[in-house]
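Every number here is computed from the coordinates shown, using simple stated rules; none is lab data. Quantities reported herein were computed from a predicted structural model and do not represent experimental measurements. When we count neighbours, we look across all protein chains shown, and the Cβ atoms used for this are built from the backbone with ideal geometry, even at glycine.
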Amino acid sequence: MAIIDLGAVRAAAIILASASPRRVDILNNVLGLQARVVPSTFEENLDKTAMPAHEYVQRTAHGKALEVYERLVRAGEAPPRLVIGGRPPPAISRPPSQHC
């Protein structure tokens, strides 16, 4: 279990590489952070069938965060201390006999 100094996190300039209203709400309203929203332009075109779902999610979230980080630095901004990228897991298709 990680112990997080929420005060230190709140003091950091946090970038959310997503325009998801749910993620913005969680970070800013539930956790009390003041994340700056910078939607990513990362193309979500990785082959979902070529890797396990958790790897697809991890690679896509990483790609989003890295794209935003690099774009901000190229624009002359100071390198952000924390960029958060997210991606929900892809839907899993099951035959009707396997549904719960």
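Along the Cα-to-Cβ line of I4, 7 Å from the Cα, sits a label point; which residues in region 37-77 have backbone N less than 13 Å from it? Correct set: none at all. Tell me whether region 12-94 comes out rounded, prolate or oblate; compute the Cα gyration tensor, take square roots of the eigenvalues as a ≥ b ≥ c, and use a/c under 1.5 as the rounded threshold. Oblate shape, in that a/c is at least 1.5 and b/c is the bigger or equal ratio. Protection proxy ranking for 44-54, 63-73, using the average of other Cβ atoms within 10 Å per residue and placing the highest first: 63-73, 44-54.
To the nearest 0.05, how large is the calculated FRET efficiency for A19 and T49 if R₀ is 25 Å and r is the Cβ-Cβ distance? Calculated transfer efficiency: 0.40.
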